[in-house]
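First up is the structure itself, then whatever we jot down about it.
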Amino acid sequence: MGQGLAPFGYCRACGAPLAEKIIEDRLRAVCTACGRIHWRNAKPCAGALIIRNGKVLLVRRAVEPFQGYWDIPGGFCEAEEHPAETVIREVREETGLEVELTGLWGIWMDRYGEEETLNIFYLARPLHRELRVGDDASGAAWFSPRALPSRIAFASGVQALRAWAAGDPTPFYLRGVGQTAP
Ligand SMILES: [Zn+2]
C-alpha cells in the first residue's frame, strides 16, 4: 500500500516532507507542515485495438518500461484532452495511421512505473494502409487472435488483448472490472 507514495516525498504546496496517514480508509500522503493531503488518482490513458481483416495492430516498444514488448498503440491523455482525441493522436504519432473509432472495448486499471493508470481501450479501424512507425516504437505488426505475441507490454494490455482474442462476451462497460494490476 505504501509503495506508491514514494514519488510524493515533499509537499507540492510548501516543500515540507510528507508523512503517511490513514484517511478515509486508505494510506495517504499528508504534509507534515501545512496538512495538505496529496490525493493519488489514476491517470487516464487511451489505447486502440486497431482491427483489419480480423487482425490487431501492435507496436513494438523502443523505450522502457517493457522495451521490446508488443504494445497496444496509445498513451496518456493530456490535461484537457478527451480520450477519444488522445487515442487518435497517439495512433497517428506511433503508427502514422488515421483511424476511425468503432467501439469501446473496455477499461482496465494498471500501473506505468510508479503511476497508477486508468486505461480506456477503444476499437478502431484504419482509414488507409500506410504504416509509419514513430520514435517510441521499433516496429509494428498485425496479429491474429490465435497468434498473439508472448511478450505483451503491461498487464492491462495482456488482459485486453486476451479478452479480444477469446471473444470475451462481457459487456464493454464491465470488461476489465476486477483485473487491477498488482
Ligand atoms: Zn505542505
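What follows is calculated from the coordinates using simple rules that are stated; it is not laboratory data. What you see is a predicted model; the values in this text were computed from it and never measured. No Cβ is skipped: glycine too gets one built from the backbone with ideal geometry, and neighbour counts run over all protein chains shown.
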- With Cα atoms, 0 to 90° folded angle of helix 83-95 axis to the chain main axis: 60
- How would you rank 158-171, 38-51, highest first, on the average number of other Cβ atoms within 10 Å across their residues? 38-51, 158-171
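Relative to the Cα centre, what is the charge dipole magnitude of the chain, using +1 at the beta carbon of each Lys and Arg, -1 at the beta carbon of each Asp and Glu, and rounding to the nearest 20 debye?
Details: 21 positive and 22 negative charges, 95 e Å.
Result for the chain is approximately 460 debye, rounded to the nearest 20.
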- The FRET efficiency for Arg151 and His38, from their Cβ-Cβ distance with R0 = 45 Å and rounded to 0.05, is 0.80
- Note on the structure: Honestly segment 46-175 on the Cα gyration tensor test (a ≥ b ≥ c root eigenvalues; a/c under 1.5 rounded, otherwise a/b vs b/c for prolate or oblate) is just rounded
- What is the extension gain from Ala13 to Ala62, computed as 0.36 nm multiplied by their sequence separation minus the C-alpha to C-alpha distance, in nm to one decimal? 14.1 nm
- Note on the structure: Rounded to the nearest 10, the angle in degrees between the Cα long axis of helix 155-165 and the longest principal axis of the Cα atoms of the chain comes to 30
- Message: If I build a Gaussian network model for the chain, linking alpha-carbon pairs within less than 10 angstrom, which residue out of Val133, Val59, Val30 has the largest mean-square fluctuation?
- Response: Val30
- Note on the structure: Footprinting proxy, Ile37, Ile72: sorted fewest to most Cβ within 10 Å, the residues are Ile37, Ile72
- Query: Which percentage, to the nearest 5, of the DSSP beta bridges contained in the chain is antiparallel?
  - Reply: 80
- Task: Using the charge dipole of the chain (Lys, Arg: +1 at Cβ; Asp, Glu: -1 at Cβ; taken about the Cα centre), state which of Ser138, Leu58, Gly167 has its Cα farthest towards the positive end.
- Result: Gly167
- Item | Residues Arg36, Arg61 arranged by fewest to most Cβ contacts within 10 Å | Arg36, Arg61
- Query: For segment 29-63 and segment 89-168, what is the separation of their C-alpha centers, rounded to whole Å?
  - Reply: 13
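Return the FRET efficiency for the residue pair Leu27, Leu127: r is the Cβ-Cβ distance, R0 is 41 Å, and the value is rounded to the nearest 0.05. Spell out each step's value before the answer.
Numbers: r = 47 Å, r/R0 = 1.14.
Efficiency computed from Cβ-Cβ geometry: 0.30.
How would you classify segment 94-146 from its alpha-carbon gyration tensor, with a ≥ b ≥ c the square roots of the eigenvalues: rounded for a/c under 1.5, else prolate if a/b is greater than b/c, otherwise oblate? Don't skip to the answer; put the middle values down first.
Values: a/c = 1.97, a/b = 1.34, b/c = 1.46.
In terms of gyration-tensor shape, oblate.
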- Item | Relative contact order for the chain, counting Cα pairs under 8 Å that sit 6 or more residues apart, in percent | 22
- Message: Which of Phe154, Phe172 has the fewest other C-beta atoms within 10 Å, and how do the rest follow up to the most?
- Response: Phe172, Phe154
